[in-house]
Each structure stands twice: as C-alpha cells, then as structure tokens.
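*Asks:* Can you read through this structure? Questions will come right after.
The values are calculated or read from the model by the stated rules, or taken from the named source; none is laboratory data. None of the values given here were measured: they were computed from a predicted structure. Here Cβ is always computed from backbone atoms with ideal geometry, including for glycine, and neighbour counts include all displayed protein chains.
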Amino acid sequence: MEELTKRQRQVLDYIVKCQQTGGLSPSMRDIMIHFGFRSPRTVSDHVDALRRKNVLFYQPGKRAPARSLRVITPWDDLKKRVMDVPLLGSIPAGLAQELWQEARGCVSVDVGSLGFKPTSTTYALKVKGDSMIGRHILDGDTVVIEHGQTPKNGDVVAALIDGESTLKTFVKSKGKPHLKAENPRYPKLIPATELVSQGVMVALIRKIK
C-alpha cells in the first residue's frame, strides 16, 4: 500500500468511523461538511486518491457512489491468500495397509506459504506412522497432495501398492518403480502386481502442540 497523506488518512479514518457507528459510508456531502471543503470536487479528489492507493473500492449495486465505499483492510488481502483444501482422511506412513478414504472437512492453507495455488485436484491427508521421519514427516502431520502430477525420482507420493495405501518416497531403479521408507526400521516396498501414484506431496502442515 502506498503511503497516505495526512489529509487522506483523516478522510479514510472518518469513513471507517461512520461505517462502524452507523453501518454506512458517509456521502460526498457528509465528507465535505465534516472537513469544511469548499466543493464536492475536493472530496472526489481525495476519494479517487484513496482508491488508486488500494485502500478504498466501490461495492457494486448501490446508486450513490459514496455510500458504496468499502475500506480494504489487511484481512482482505489475507483472505485472498487463504484457500481450503479437502482433508480426505489419513494415510499410513508405515507399512502399507488397506484404506477407505473419508472426507473429514477442509484444511485452510496460505497460498503464499505453500508457494503454489491449490487446484481442484489438490487434497490433504493426515499422516499416521513414522516411516518418513527421514524426510521430516512425522506422525500427526498433514500432507498436501497434488493428484494427477507424475512423480519424479525422489518425490514423496501417496500411492496404492498392490491395492494398499501408503506414503513413501517414489524411486525408479533400472526402469522399475518401488517405494522407499525414510526410516531404516522399514523395508522398501516392491510391487508384486501394481504401483499407482495417487498424487505427489507438495506441502507439509504441522500443528505445534
């Protein structure tokens, strides 16, 4: 946000005060009388400057332009950055096991922190187990998965191996894919019949206790 002049700050504060006390923005005439301006043009100049500096905008649907003014707060920018990703149950970070996924609500993520914008195929899973501690993925963490993304060697994937689900590192050796645990207590998983990636991990969310 560009720096405001003293008068622009005063006009903005007055608009905020009117909205908080009466629920409506002041009219151009209200602002003119309050500050003792000689013409509505002076009010328009200040309002236009505040709009150019992205601290005010007109809400559609109101006949009187001044009455439709809305103050843009830091929360407005924050809300644009936050998106909800569906949480589809949990995934083992241990031995692969049969899993029935159930939607359990959503996880709100900061797009700026993730470094990418979630798509319609992005989802989240709760981690259960300690087989991925070498990649700093702990029991209780939440992983954000992008479905449909082709895994590269070394990517962490949510995968079905012989019909059972797990979270592991995808490895391709001599043209044959397998799954690697990041904990020496667990064996690598070599598919007997099939290995299907259900998506690549793109972010990790950890709740601080």
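*Asks:* Are any residues in segment 190-200 part of a strand (DSSP E or B) and of a type in the set (Gly, Ala, Ser), and if so, which ones?
*Replies:* Within segment 190-200, Ser197, Gly199 qualify.
*Asks:* Look through segment 136-157, keep the residues that are surrounded by fewer than 17 Cβ atoms within 10 Å (Cβ to Cβ) and not charged (D, E, K, R), and return whichever of them is farthest from the chain's Cα centre (by Cα).
*Replies:* Within segment 136-157, the match that is farthest from the chain's Cα centre (by Cα) is Asn153.
*Asks:* May I pose another question? If I ask for residues that are exposed (fewer than 11 other Cβ atoms within 10 Å of the Cβ), basic (Lys, Arg) and without any contact (Cβ under 8 Å) to a residue 40 or more places away in the chain, which ones from segment 169-209 would you list?
*Replies:* Residues satisfying the conditions are Lys174, Lys176, Lys209.
*Asks:* Here are some conditions: (1) surrounded by fewer than 17 Cβ atoms within 10 Å (Cβ to Cβ); (2) modelled with pLDDT of 85 or more; (3) closer than 30 Å to Gly163 by Cα. Glu98 meets all but one. Which one does it not meet?
*Replies:* Here Glu98 clears every test but (2).
*Asks:* Pairs needed: first member in segment 44-68, in the same structural domain as Ile31 (by TED's automatic domain parsing); second member anywhere, modelled with pLDDT under 60 and in a helix (DSSP H, G or I); C-beta distance under 8 Å; at least 6 residues apart or different chains.
*Replies:* Val47/Ala66
*Asks:* Name the helices (runs of 4 or more DSSP H) wholly inside segment 1-61 in which the number of residues that are of a type in the set (A, V, I, L, M, F, W, C) and farther than 14 Å from Val71 by Cα is 3 or more.
*Replies:* Passing ranges, in order: 28-35.
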